[in-house]
Amino acid sequence: MKKTEIDIRGRKCTLETGKIAKQADGAVIARYGDTLVLATAVADKIERKGLDFFPLTIDYQEKTYAAGKFPGGFFKREGRPTEKEILTSRLIDRPMRPLFSKGFPYETQGIVSVLSYGEENIADIIGIISMSAALTISDIPFNGPVSAVRIGRIADSFVINPDLREVEECDLDLVVAGTEDSVIMVEGESQEITEADLLEAIEIAHNEIKRLCMLQKELHAMVAKEKRNLTTLTIDEELKKAVEDFSMEKIKGAITIPDKMRRQGALDEILKETIEKLNTGENDISPEIISVFNDIEKNLVRGIILNKGARADGRSSDEIRNISCEIGILPRTHGSALFVRGETQCLAVVTLGTADDEQRIESLDGEFSKTFMLHYNFPPFSVGEVKPLRSPGRREIGHGMLAEKALKAVIPAKSEFPYTIRVVSDILESNGSSSMATVCGGSLALMDAGVPVRAHVAGIAMGLIKEGERVVILTDILGLEDHLGDMDFKVTGTEKGITAFQLDTKIGGISREIMERALEQARQGRLYILEKMNNTITAPKEDLSPHAPRIYTMQIRQEKIRDVIGTGGKVIRSITEQTGAKIEIDDSGLINIASPDGESARKAMEIINSITAEVELGRIYLGKVKRIVDFGAFVEILPGTEGLLHISQIAERRIAKVTDEISEGDEVLVKVIEIDKLGRIRVSRKEAMREKKEIS
């Protein structure tokens, strides 16, 4: 067993191998505080031929026993991955993928399992570190190590790896991953921070990442295995020249066609002609032809951008495609918008609900509810493909969460707007940056629905073409530029600052200078898009859709909560039956009353007011005689509140028996003449009658 350790914020972070999971190609246990994860890496021994991608799968799984809990639901064992597990799997995958060597055609799987879960809020972070360590010490070709940290900011001070308590106070929640030399991945959310603050946070995080990479190198020095040989596709030079001679000029013409579908159709036809022309021998050489063809296309696209500053659709490097915005396009929804940027279309729809519609989530941290959620859908027709419809995949869940984080910063507190809010983004057409179109469309739809958001949020995707020292940063990238480029950097925010960000690179990292330039270019692009959105709608609509539920709020004293609920919920059920309104009461005495029409809600409020009303000294009430005793009667002046009507206060004259004047069930006017320290109430019928005569 080999072990290395390092101190982070007064706690030891340890990496250990050689004790368990010894049949994996690489296995590392990482521990920080009470949180412990196991990362394993295994590559198949049988080569998969004919692949044009690296067959890598990263899975993150949380064992509920790690927090001393049972799985929820009927079946008491873990089932399909939760949304958090899917998002964390993506988080671990993204910094690993660009560091694998090309030409490794063996299916590779990494699994990160949470075995013990503390309050350090770090399982995903040490998941990245341990997975990198497992790959680094294995025989799998991997150009690591890569490490990660979470960085937050509390009261303008940056905090490395804030725990669960601290993260609630942060206005920045950022995960940064990188090598010793550069940053590979950034993902997070913030409360409208500036570009300069974001860069500072990334730089502080990278300094810590360097230490963690050294920790992995120490472990590697102890137990390193010899790496497997890489298999490279050898292409005959004569074939390469033949493909170039036949297709080069045709590809040059095709890649400058502005329309995506026409451009791709032309390239597909050229490839088909090339294969028919050159694949005429006994052996099938179409994979080699396709490889050369793709390289030609990639080099031409990148070369034109670097040498001429021209893009496939004719734009300059910092130019944004044409934008159009529409709102209120669906008559029966609570809010809707269509956002179009070039050949990317997003239909965003808002639905408002009550507390019954909140999403209840069970996690290792405990149970909690979400009142704002965003769901992203990417149907195959949006890119002209035919595929079976399935449940949302990792990409859809990841894109939806990024857009949700972007908009969450401007969503009002529940005390201000007591609705559950769901935004659904359906991508109708896609040619790059559909997640950022979701942010823009979602912001427009929220305002159309009358949700009191503070400001519009816009998003933009930045790209990069880098060859040596030559660098071109691209604003509002196309799908082609994303596929053939070196970076995908998504930035969202308001006019004031950034709300969410996601950076992925394909070249093993980028420098601070490039990131600074990209952020500034993104800021300018974001402001341009926000101007277009504000031209459509500048503030939330004052009135909700007539089809949206109405929720009214009222505050009562905490000691009155039980009066409204009643024994076993009897009173609150009665109010619901009488009015048809839904009534929710929290521990603070805040009541939400939801109904399809205002009249039902107002009726429910009147009943609650009568139950919770406070008796006022000197006020006259029309009460009901509930009980008669020898010395007087008890009169209910408010629901559940009785006052003593003494026999001497029943009439102006002296009476022998109470029943000579009143009977049980009678309604009588009484005046409150005393409320003692114990809250006991005395009332007078003769005082009420006397006052009534004086008024008349």
Query raised in the report: For the modelled label position 7 Å from the Cα of Asn207 along Cα-to-Cβ, which residues of region 150-182 have backbone nitrogen atoms closer than 12 Å?
Result: 158-160
Requested in this report: Sort Thr194, Thr88 so the one with the fewest other Cβ atoms within 10 Å of its own Cβ comes first.
Outcome: Thr194, Thr88
Query raised in the report: Using the Kirkwood radius built from alpha carbon pairs, what does the Stokes-Einstein equation give as D for region 536-606 at 37 °C and 0.692 mPa s, in µm² per second?
Result: 248
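Shape verdict for region 134-248, please, from the Cα gyration tensor: rounded (a/c under 1.5), prolate (a/b greater than b/c) or oblate. Walk me through the numbers before you get to the answer.
Numbers: a/c = 3.99, a/b = 1.72, b/c = 2.32.
Oblate, because a/c is 1.5 or more while a/b does not exceed b/c.
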Report summary line: Ile673 and Arg9 label points (each 7 Å along its Cα→Cβ direction) are spaced in nm at 6.8
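Which ordering of Ser316, Ser291 is given by a fewest-first count of other beta-carbon atoms within 10 Å? Each step should come with its number before you reach the end.
Details: Ser316 10, Ser291 16.
By the 10 Å Cβ count, ascending, the order reads Ser316, Ser291.
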Report summary line: Sorting Ile565, Val683, Ala656 by the position of each Cα along the dipole of region 540-694 (Lys, Arg +1; Asp, Glu -1; all at Cβ), the one nearest the positive end of that ordering is Ala656
Query raised in the report: So for the chain, taking the charge dipole from beta-carbon charges (+1 Lys/Arg, -1 Asp/Glu), which of Val453, Gly589, Thr40 sits furthest toward the positive end?
Result: Gly589
Report summary line: With a ≥ b ≥ c from the Cα gyration tensor eigenvalues, square-rooted, and the rule rounded for a/c under 1.5, otherwise prolate when a/b > b/c and oblate otherwise, region 427-483 is oblate
Query raised in the report: When the helices in the chain are scored as -39500 (n - 2.57) per DSSP H run of 4 or longer and the sum is shared across all residues, what 222 nm value do you end up with, to the nearest 500 deg cm²/dmol?
Result: -10500 deg cm²/dmol
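Over all directions, the average projected area of the alpha-carbon convex hull for region 2-223 comes to how many nm²?
Details: hull surface 54.1 nm².
Hull-based average projected area comes out at 13.5 nm².
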Report summary line: Computed on Cα atoms, Rg of region 71-132 relative to 2.2 N^0.38 Å comes out at 1.36
Report summary line: Burial-style ranking of 609-618, 685-694, average other-beta-carbon count within 10 Å with highest first, yields 685-694, 609-618
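Mind checking the dipole of the chain: about its Cα centre, +1 per Lys or Arg Cβ, -1 per Asp or Glu Cβ, Debye to the nearest 20? If you can, show how the numbers build up before the last one.
On the way: 94 positive and 112 negative charges, 318 e Å.
Roughly 1520 debye, rounded to the nearest 20.
Determine the alpha carbon to alpha carbon distance for each of Lys49/Lys272; Lys626/Lys657; Lys12/Lys84 and list only those over 19 Å. Let's see the in-between values first.
Values: Lys49/Lys272 21 Å; Lys626/Lys657 16 Å; Lys12/Lys84 26 Å.
From the list (Lys49/Lys272; Lys626/Lys657; Lys12/Lys84), the Cα-Cα distance tops 19 Å for Lys49/Lys272; Lys12/Lys84.
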Requested in this report: Run through all the Cα pairs of region 485-535 and give the fraction in each 10 Å bin from 0, expressed as whole percent.
Outcome: 22, 51, 22, 5, 0
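Over every pair of different alpha-carbon atoms in region 559-669, take the mean of 1/r and invert it; report that Kirkwood radius in Å. Write out the running numbers ahead of the final one.
Values: mean 1/r = 0.0624 Å⁻¹.
Over region 559-669, the inverse of the mean reciprocal pair distance is 16.0 Å.
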Query raised in the report: Whole-Å semi-axes of the chain's equivalent ellipsoid, largest first, each the root of 5 times a Cα gyration tensor eigenvalue?
Result: 65, 31, 21
Report summary line: Here, region 254-390 modelled as identical Cα point scatterers in vacuum has Debye log10 I(q)/I(0) at q = 0.10, 0.18 Å⁻¹ of -0.65, -1.16
Query raised in the report: Does anyone have the angle between helix 83-96 and the longest principal axis of the chain? Alpha-carbon axes, 0 to 90°, nearest 10?
Result: 30
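Ordered by packing density, taken as the mean number of other Cβ atoms within 10 Å over each peptide's residues, highest first, how do 219-226, 346-353 rank? Walk me through the numbers before you get to the answer.
Details: 219-226: 14.2, 346-353: 23.6.
By packing density, highest mean first, the sequence is 346-353, 219-226.
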Query - Cα radius of gyration and Dmax for region 238-308 (Å) - result: 12.4, 42
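If each residue's Cβ is checked for other Cβ atoms within 10 Å, how do Phe339, Phe75 rank with the fewest at the top? Present the calculation step by step, with values, prior to reporting the outcome.
Details: Phe339 30, Phe75 8.
In order of increasing Cβ crowding within 10 Å: Phe75, Phe339.
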**Report entry** Convex hull (Cα only) mean projected area of region 323-536, reported in nm² to one decimal
**Finding:** 13.4
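Convex hull over the Cα atoms of region 620-695, averaged projected area in nm²? Don't jump to the answer; show the numbers that get you there.
Values: hull surface 20.0 nm².
So the mean shadow area of the Cα hull is 5.0 nm².
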Report summary line: Both in Å, the radius of gyration and Dmax of the C-alpha trace of region 377-461 are 14.0, 45
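Since every read-out is calculated from the coordinates, none of them should be taken as a lab result. All figures in this text were calculated on a predicted structure; none of them were measured in a lab. Cβ atoms come from the backbone with ideal geometry, glycine included; neighbour counts cover every protein chain shown.
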